[in-house]
Amino acid sequence: MLFIETDSPPPFYQESLTPAKRQQLDEWFIGNRTQRYYLKRFEQFDRQGYLSPKWHWAAFFITFPWLLYRKRYMDAIVYSVAGWSFIQLNIALVLVAFEFVAMSYVPDAYQMATRIGIAAMIWLFWSAMVARWTDAYYYRMARREIADAINDHPRDEAKQKSHLQREGGVSLFGLALGFGLFAFSLLVIKVQFLPIIAKPKENAVLFDTYDIAKNAQNRVVLIYQQTGQCPVNLPLSTEQQQLRMYVDTQAAGVVNTDCAVVATIQNVTFPIRYLNDQTLVFYHIPDSDDWRCTSSLNKKQAPPNCIAD
């Protein structure tokens, strides 16, 4: 799509056709959907005698579904394989170069956002290039199919029309298929690839949560042993903004306790937002020296010595 000739006249241009006949053939190929738009573009290319970039919003946002919608099935396959591979290769090369050259100068908190931003800029550049040449590409496809229809059926107008309507027009099934494949790709990313990124971040947050909460519990245990009372007013301040802690004589989900350290995860961001509001509770068993642990986390996430909900 990006490597379209700028020959004069445009490729497959049929000089022998009258303007009225050419428009009739164009209408058969384009179909009723957005016919006025494409007729205007085709007339511009015919009049100027060469192909030039124009902006196409649908191609910018949904190139693959648009190709299927316009029955460019083989081109859609080529685009999905070659085009997306080209994008991924360029993203990988630029990210690797940036990691070695400049990433060390970016604060840790902004490194992931920087990587996403670089990938998005490359994607947007590619989408913009495709969008600029889509009208020229579709014009070229129309002229090729019209040339084939005339060569195959030089005197049979009905067969010319049948050929162009079969090869052109639109396909609602193709459009639905394009969006369906897009949705499937998002599902694969969510199920297969997102956990690869999320798991290390999850482990880091859970480790910090347990470590900080355990240290707080040790302080509370020492005070409880010395005073025999639960230090409910003990400030448990922390620089870790992802954890909120307090001491109380009761805790949600704990039936029998007279002193508990409650730690709640907060302010964690994508892709581990599901950890927000999860709790870790260290609680004392009355009339004993035992302290136990319970958590709202599931069995895979909770520390080994904590009871998961």
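The values are calculated or read from the model by the stated rules, or taken from the named source; none is laboratory data. Note that the coordinates shown come from a computational prediction; the quantities given were computed from them, not determined experimentally. Heads up, the Cβs are rebuilt from the backbone with ideal geometry, glycines too, and the neighbour counts pull from every protein chain shown. Note: areas computed on protein heavy atoms with side chains; ligands, DNA, RNA excluded. Shrake-Rupley method; radii C 1.70, N 1.55, O 1.52, S 1.80 Å.
Scanning the stretch 104-114 for residues that are open to solvent by less than 100 Å² (accessible area, probe 1.4 Å) and modelled with pLDDT under 90, which turns out farthest from the chain's Cα centre (by Cα)?
As a first pass, look at the stretch 104-114 and keep what is open to solvent by less than 100 Å² (accessible area, probe 1.4 Å): 104, 106-107, 109, 111-114.
Then drop every residue that is not modelled with pLDDT under 90, which leaves 104, 106-107, 109, 111-113.
Details: SER104: 26, VAL106: 23, PRO107: 24, ALA109: 21, GLN111: 18, MET112: 14, ALA113: 14 Å.
The residue in question is SER104.
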- Item | Candidates LEU164, LEU186, LEU181 - the one that is hydrophobic (A, V, I, L, M, F, W, C) and modelled with pLDDT of 95 or more | LEU164
- Counting only residues in the stretch 155-174 that are open to solvent by less than 50 Å² (accessible area, probe 1.4 Å) and either without any contact (Cβ under 8 Å) to a residue 24 or more places away in the chain or part of a helix (DSSP H, G or I) (or both), the one farthest from TRP84 (Cα to Cα) is identified as GLN160
- Note on the structure: Over the stretch 140-154, the set of residues in a helix (DSSP H, G or I) and either touching a Pro at 6+ places or on another chain (Cβ under 7 Å) or not charged (D, E, K, R) (or both) is ARG140, MET141, ALA142, ARG143, ILE146, ALA147, ALA149, ILE150, ASN151
- Return yes or no: is GLN217 among the polar types (S, T, N, Q) and open to solvent by 80 Å² or more (accessible area, probe 1.4 Å)? no
- VAL106 vs. criteria out of contact with any helix residue (DSSP H, G or I) (no Cβ under 9 Å at 6 or more places or on another chain) and within 22 Å of ALA119 (Cα to Cα): no
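Take the conditions within 30 Å of GLN242 (Cβ to Cβ) and either of a type in the set (Asp, Glu) or in contact (Cβ under 8 Å) with a residue 60 or more places away in the chain (or both) and apply them to ILE146. Does it pass?
Against the criterion (within 30 Å of GLN242 (Cβ to Cβ) and either of a type in the set (Asp, Glu) or in contact (Cβ under 8 Å) with a residue 60 or more places away in the chain (or both)), ILE146 does not qualify.
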- Message: Taking the criterion of being more than 30 Å from LEU17 (Cα to Cα), out of contact with any Asp or Glu (no Cβ under 8 Å at 6 or more places or on another chain) and of a type in the set (Ser, Thr, Tyr), would at least one residue in the stretch 126-133 satisfy it?
- Response: yes
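Need a quick list: strands (runs of 3 or more DSSP E) entirely within the stretch 202-307 having at least 2 residues that are free of Cβ contacts under 8 Å to residues at least 60 places away in the same chain and among the aliphatic types (A, V, I, L, M).
Result: 243-248, 259-265.
One line per residue, one yes/no per condition, for (1) under 27 Å from the mean Cα position of the chain (by Cα); (2) surrounded by fewer than 16 Cβ atoms within 10 Å (Cβ to Cβ):
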site: GLU43; (1), (2): no, yes
site: ILE77; (1), (2): yes, yes
site: ALA97; (1), (2): yes, yes
site: ALA102; (1), (2): yes, yes
site: MET121; (1), (2): yes, yes
site: ALA128; (1), (2): yes, yes
site: ILE150; (1), (2): no, no
site: HIS153; (1), (2): no, yes
